[in-house]
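Report on the following structure.
The values are calculated or read from the model by the stated rules, or taken from the named source; none is laboratory data. Just so it is clear, the model here is predicted, and its values are computed rather than measured. Positions of Cβ are generated from backbone atoms using ideal geometry, with glycine treated the same way; all protein chains shown enter the neighbour counts.
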Number of protein chains: 2
Amino acid sequence: MTVYKLTVQYDGTRYHGFQRQPNLLTIQGTIEKALAIMTKGQPVNLVAAGRTDAGVHALGQVISFAYPGNIPADKMVKALNSLMPRDILFVGGVIAVPDFNARFDALGKIYEYRVALGRYTNPFLRLYTGHYPFALDLSKIQTALLDVIGTHNFASFEASGGVIRNKVRTIYTADLDTTNYPQEIKFIFHGDGFLYNMVRIMVATLLEIGSGRRDVHDFLRLYQVQDRQQARLTAPASGLYLKKVFYPSSNID
Amino acid sequence: MTVYKLTVQYDGTRYHGFQRQPNLLTIQGTIEKALAIMTKGQPVNLVAAGRTDAGVHALGQVISFAYPGNIPADKMVKALNSLMPRDILFVGGVIAVPDFNARFDALGKIYEYRVALGRYTNPFLRLYTGHYPFALDLSKIQTALLDVIGTHNFASFEASGGVIRNKVRTIYTADLDTTNYPQEIKFIFHGDGFLYNMVRIMVATLLEIGSGRRDVHDFLRLYQVQDRQQARLTAPASGLYLKKVFYPSSNID
């Protein structure tokens, strides 16, 4: 058996999320089906760094799996790409140490969230951005992002369905990219981990702060109350991208 | 009755082209259904400058129709947008002179064609570009584009299904945008009119010239032979955009 660590991009629009589900089109199911073709039927179970939801995209998702055989990593990438639909693309890979696990070995992740602005949704961006029609005070968002950085209890920012007891996470950086403003803004979060729907709930809260619907320092209150009902809104899946996953360098041969 | 001239953008991915067809989702059918809601059932027939094919996009399609009522143009735009799905967006409009016809009054059009390069299709661009995996000599394409400009018989560049006898068209400008090279190139054609599939056949021919599969001046031969079989390939619909339509200014109030 050889353990592979592969990086994959996908347009999540057509999929019912990453995780395998019976009778539903998922990223995991699509990749595992291709691996089963390569092994002539022997099932291969893969693990992903982040189990993205329906409609969420990936620019640098990382998966790992043990494969019965020893193909060079670049050949594995090529073979999988030849079996993928056009909305999934493997962009790199290495052979990892035998106990490598893409989920449990991850040290941190970067998520991006794109928000299209203006009154109407751009027809060409509707599947690749969230949309916010109200005027924003970007300086308020910048101020609120400083409250996001650091180690906090993010219980207010977790959707029901999360299964992890410990709600404390550390956000290393929380940035706003205004390159395409006023057409679009982009949030970039680098953290050691993220609760279920955490980025999408934080983005919805940040947009409410930017439009004056919430106090600039409402994150500090939300850390205290630890109540999902207080954060309320969730930004749509279409704007969210898993950008990058970090690992200790010793995991890779 | 009031005649409106409206500009509309759409992502053509979901649609069986512009033109109304029984039991199929089309742009024309979607807009006419909205107009029938506004008139409480009275049918409104619209005319478009260019009847784009399935999967072809528009950044500046122009339509015209006679409407039983006299709503200000900006209100008409707003009312239609409130009834449109998220992949169709009206971006402007005016009340036109009573005999205005978006198709027959058009003096010319600009079409753009986006080609993604590199070995694999980018998952996020697959619906919005064509794709060409082979190395290109851009100077050969630039040279060939000079042969496109001018008045020529484009019979070799018309797909079967075209109904217009006269195959002579004038191309005013034919440009190559290399801003995003080597990820992508974009062709921009401004002409007085275009035969059925003409841009997509020209683009496929230009790419064959760029990769050395055809002589640089093969367009001159193709104008002579007037034989569709000689041009052969058609670039995919996903890369094509109707960008702009030109009218004599007197058509508009």
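Filter the stretch A:55-89 for residues that are of a type in the set (Val, Ile, Thr), more than 16 Å from B:ARG119 (Cα to Cα) and under 24 Å from the mean Cα position of the chain (by Cα) and give the result.
Answer for the stretch A:55-89, where residues must be of a type in the set (Val, Ile, Thr), more than 16 Å from B:ARG119 (Cα to Cα) and under 24 Å from the mean Cα position of the chain (by Cα): A:VAL56, A:VAL62, A:ILE63.
What's the total number of residues in the stretch A:103-126 that are within 14 Å of another protein chain (Cβ to nearest Cβ) and either within 30 Å of B:LYS78 (Cβ to Cβ) or small (Gly, Ala, Ser) (or both)?
Of the residues in the stretch A:103-126, 11 are within 14 Å of another protein chain (Cβ to nearest Cβ) and either within 30 Å of B:LYS78 (Cβ to Cβ) or small (Gly, Ala, Ser) (or both).
May I ask you to list the residues in the stretch B:195-213 that are closer than 26 Å to B:ALA49 by Cβ and touching a helix residue (DSSP H, G or I) at 6+ places or on another chain (Cβ under 9 Å)?
Of everything in the stretch B:195-213, those that are closer than 26 Å to B:ALA49 by Cβ and touching a helix residue (DSSP H, G or I) at 6+ places or on another chain (Cβ under 9 Å) turn out to be B:LEU195, B:ASN197, B:MET198, B:VAL199, B:ARG200, B:ILE201, B:MET202, B:VAL203, B:ALA204, B:THR205, B:LEU206.
Take B:PHE90 and decide whether it is under 18 Å from B:ALA58 (Cα atoms) and not in a helix (DSSP H, G or I).
Judged against the criteria, B:PHE90 is a match.
Can you tell me which residue among B:LYS33, B:LYS40 is more than 22 Å from B:LYS244 (Cα to Cα), in a helix (DSSP H, G or I) and either away from chain A (no Cβ under 14 Å) or among the β-branched types (Val, Ile, Thr) (or both)?
B:LYS33
Quick check on my filter: what residues within the stretch A:127-142 are away from chain B (no Cβ under 12 Å) and either touching a Pro at 6+ places or on another chain (Cβ under 8 Å) or of a type in the set (Gly, Ala, Ser) (or both)?
Within the stretch A:127-142, A:GLY130, A:ALA135, A:SER139 qualify.
Does B:THR52 qualify as being part of a loop (DSSP other than H, G, I, E, B), surrounded by 16 or more Cβ atoms within 10 Å (Cβ to Cβ) and of a type outside the set (Lys, Arg)?
yes
Output the residues belonging to the stretch B:7-17 that are under 15 Å from B:LEU242 (Cβ atoms) and away from chain A (no Cβ under 14 Å).
B:GLY17
Pick from the stretch A:181-221 the residues that are touching a residue at least 40 places away in the same chain (Cβ under 8 Å) and acidic (Asp, Glu): which of them is surrounded by the fewest Cβ atoms within 10 Å (Cβ to Cβ)?
Result: A:ASP192.
Can you spot a residue in the stretch B:19-28 that is within 13 Å of chain A (Cβ to nearest Cβ), surrounded by fewer than 17 Cβ atoms within 10 Å (Cβ to Cβ) and in a helix (DSSP H, G or I)?
Scanning the stretch B:19-28 turns up no residue that is within 13 Å of chain A (Cβ to nearest Cβ), surrounded by fewer than 17 Cβ atoms within 10 Å (Cβ to Cβ) and in a helix (DSSP H, G or I).
Would you call B:ILE201 hydrophobic (A, V, I, L, M, F, W, C) and modelled with pLDDT of 95 or more?
yes
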